[in-house]
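Here the structure is laid out as structure tokens; the discussion comes afterwards.
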Amino acid sequence: LSTYDKHKDVLEALGISKQNKGVFDGEWKGSGSVMQSINPVNNEVIAEVTTGSVQDMDTALDKVVEAQKIWREYTIPQRGQVLLAMRNALAANLQPLGKLVALEMGKILPEGVGEVQEYVDVLDYALGLSRSMSGSFIPSERPGHAMIETWNPLGVTGVISAFNFPVAVYGWNQAIAFVTGNGVIWKPSPTTPLCSLAITTLLEKVLREQNLPPSLCSLVTGGTEVGHKLVTDKRANLISFTGSTAVGKKVGITVQERFGKHILELGGNNAIIVTEDADIEMASRAILFAAVGTAGQRCTTARRLIVQESVYDKLVGKLKEAYKQVKVGDPLDQGILCGPLHTKSAVEAYEKALKDIKAQGGDILYGGAVIKDGELAKGNFVMPTLTSVTADMDVVKNEVFVPILHTMKYKTFDEAIHMNNNVAQGLSSSVFTSDPAKIFKWIGPAGSDCGIINVNIPTNGAEIGGAFGGEKETGGGRESGSDSWKQYCRRGTCTINYSGQLPLAQGINFG
Ligand code: NAD
């Protein structure tokens, strides 16, 4: 565990030891298998975690159900004050938490810190909601009647998260589920357990200080078995699942079978369109961040670049130059823009994608190799890659979670929109243009069919204030801002008769 010793200061400050208990339901425990957290820079073990068993999940569900009975009685502004304390605890640990994200997940340090900042931001947002989330007073057709909409907590929100945002995805859900009065139980990715331990430890401290049952934010680390237990259990009123489309589809069906509620945040296959009237310099900077940021491991990473044929050579030429400047290396080192892939199996997926591209007639314009020399050979490092393909090739239809950007040409703007929409996924999309007519077409009914529809910004890097999520095989869920909070609530339509008479709706006279 030499990686542990190297980063001992940060790990100890966040309460992480060489051996850890991976379940929290008011107390720390764990009766499942031992899992190792691996540093993707060199594939060395950072620390070990005794994960949860199905029995641990069962007990944790009981605990969170009990705790929520206390939490739901807090007024919403009172809940806001608890969220404020959580916000301050996270903000005070922004740098160490960001470093832990970089160490365990492999994204570069500024992105690791940015991810924790996103959690702080959504807690700010939830604090605002605690003074503003309101129902409506609806006009009644009957005299002496009032119609009111109430928003009460669903009960327990189960959060199942992916490896690539090991802090923020939980944050979006925990903050909003919590302000709406829910208890939360978290099943994180099996490859990023340390991030979930650090966050849960901070939340535990706040909850204890606030004299609330700490099981309100419970954690059960582990793999498919404990995830499946959570998904099938009726005590989890809402399952918020973030991960691949293949797993999300199964989760959605299972939750639906028991008439639970779900939010599905699944895979993307995001495109950027660059028109002939775009600012090519700005577009190329945005594309670099969208395609290479987080080493291509964001759900909103740009995977397809659709360029008007008259500016294709100019833009792709600029991109090749920009790609040459990208430093690949240890995500904790200054000046590095591209860290490693998270696991060895992601490197295999990258190699397979390269083979498929060539077999289907595509060309590699830049990159296209696993890094096998020097220090980086110990880790999961690959070259960010640019290809030239056509829209009908199979390789552009699927999400491969690596930094490969497929470029292709179009003639008319309608054709470009069709190419954007002609995939199974529907998460994020961007157009670079200076033409208002194209902008309004893009955001209108015949425009992009995605949940995120950007103009002159990249596909990634969403703000927390908007509702985040996508259509089609991306699952249809929305998280974070706007009115996403309503999904964590039971909506009541209350009609109150204060007239002393009994007039019926639609003027019905009954007896
Ligand atoms: P994954 O689907 O392999 O795993 C996600 C989670 O599901 C993990 O916690 C895993 O343990 C759990 N799981 C696996 N099988 C399960 C089962 N049968 N029942 C319940 N839980 C189960 O995904 P990943 O590789 O960790 O993440 C990458 C994927 O996530 C990409 O497809 C990416 O696009 C997607 N993603 C989407 C968003 C979004 O907001 N749309 C955000 C981040 C990541």
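We did not get these values from a lab; they are worked out from the coordinates using the rules stated. Please read these numbers as outputs of a predicted model, since none were measured by experiment. Virtual Cβ from ideal backbone geometry, glycine too; neighbours counted across all protein chains shown.
Just a few scattered comments:
- Unit Cα scatterers, Debye sum, region 254-302: log10 I(q)/I(0) for q = 0.20, 0.25, 0.29, 0.30 Å⁻¹: -0.73, -0.93, -1.05, -1.08
- In Hz, Karplus ³J(HN,Hα) per residue of region 218-228 (6.51, -1.76, 1.60; θ = phi - 60°; x = Gly, Pro): 8, 9, 10, 7, x, x, 4, 4, 6, x, 5
- Rounded FRET efficiency, nearest 0.05, which uses the C-beta distance separating residue 92 from residue 313 and R0 of 35 Å: 0.10
- Full-extension gain in nm, residue 411 to residue 504, via 0.36 nm per residue minus C-alpha separation: 27.4 nm
- Calculated Rg and Dmax of region 407-463 using C-alpha coordinates, Å: 10.8, 32
- Alpha carbon convex hull of the chain, projected area averaged over orientations, nm²: 26.8
- Taking the centroid of alpha carbons for each part, region 178-227 and region 263-322 are 36 Å apart.
- The residue among 75, 23, 46 whose Cα reaches farthest toward the positive pole of the charge dipole of region 21-81, with charges on the beta-carbon of Lys, Arg, Asp and Glu, is 75.
- If the segment from residue 373 to residue 6 were pulled out straight at 0.36 nm per residue, it would be longer than the present Cα-Cα gap by 129.8 nm.
- Charging the Cβ of each Asp and Glu at -1 and of each Lys and Arg at +1, and nothing else, the dipole of region 75-124 about its Cα centre rounds to 160 debye.
- Amide H contacts of residue 145 (H built 1.01 Å from N, under 5 Å, at least 5 apart or other chain): 498
- Globularity index of region 1-71, i.e. its alpha-carbon radius of gyration over 2.2 N^0.38 Å: 1.34
- GluC sites (Glu not before Pro) restricted to region 453-496 and DSSP loop, no more than 16 other C-beta within 10 Å: 463
- Sorted peptide list for 488-501, 228-241, criterion being average Cβ within 10 angstrom, highest first: 228-241, 488-501
- Extension gain, residue 285-residue 208: 0.36 nm per intervening residue step, less the Cα-Cα distance, totals 23.1 nm.
- Amide H contacts under 5 Å for residue 35, placed H, 5+ residues apart: 49, 50, 51
- Region 79-149-region 1-49 distance, computed between alpha-carbon centres (Å): 27
- Where Rh is the Kirkwood radius over Cα pairs, Rg/Rh for region 121-183: 1.17
- Across region 263-412, C-alpha contacts under 8 Å between residues 6 or more apart give a mean separation that, scaled by the residue count, equals a relative contact order of 28 percent.
- For region 170-217, the ratio of Cα radius of gyration to the globular rule of thumb 2.2 N^0.38 Å stands at 1.13.
- Restriction of the trypsin sites (Lys or Arg not before Pro) in region 347-416 to DSSP coil positions whose beta-carbon has at most 11 other beta-carbons within 10 angstrom yields 372, 411.
- Sorted fewest first by neighbouring Cβ atoms within 10 angstrom, 130, 136, 428, 37 come out as 136, 130, 37, 428.
- Region 369-411 versus region 432-496: alpha-carbon centroid distance in Å: 28
- Sparse packing (at most 11 other Cβ atoms within 10 Å of the Cβ) combined with a DSSP loop state is found for the following GluC sites (Glu not before Pro) in region 80-153: 141.
- The Kirkwood radius of region 1-147, taken over pairs of alpha-carbon atoms, gives through the Stokes-Einstein law at 20 °C and 1.002 mPa s a diffusion coefficient of 115 µm² s⁻¹.
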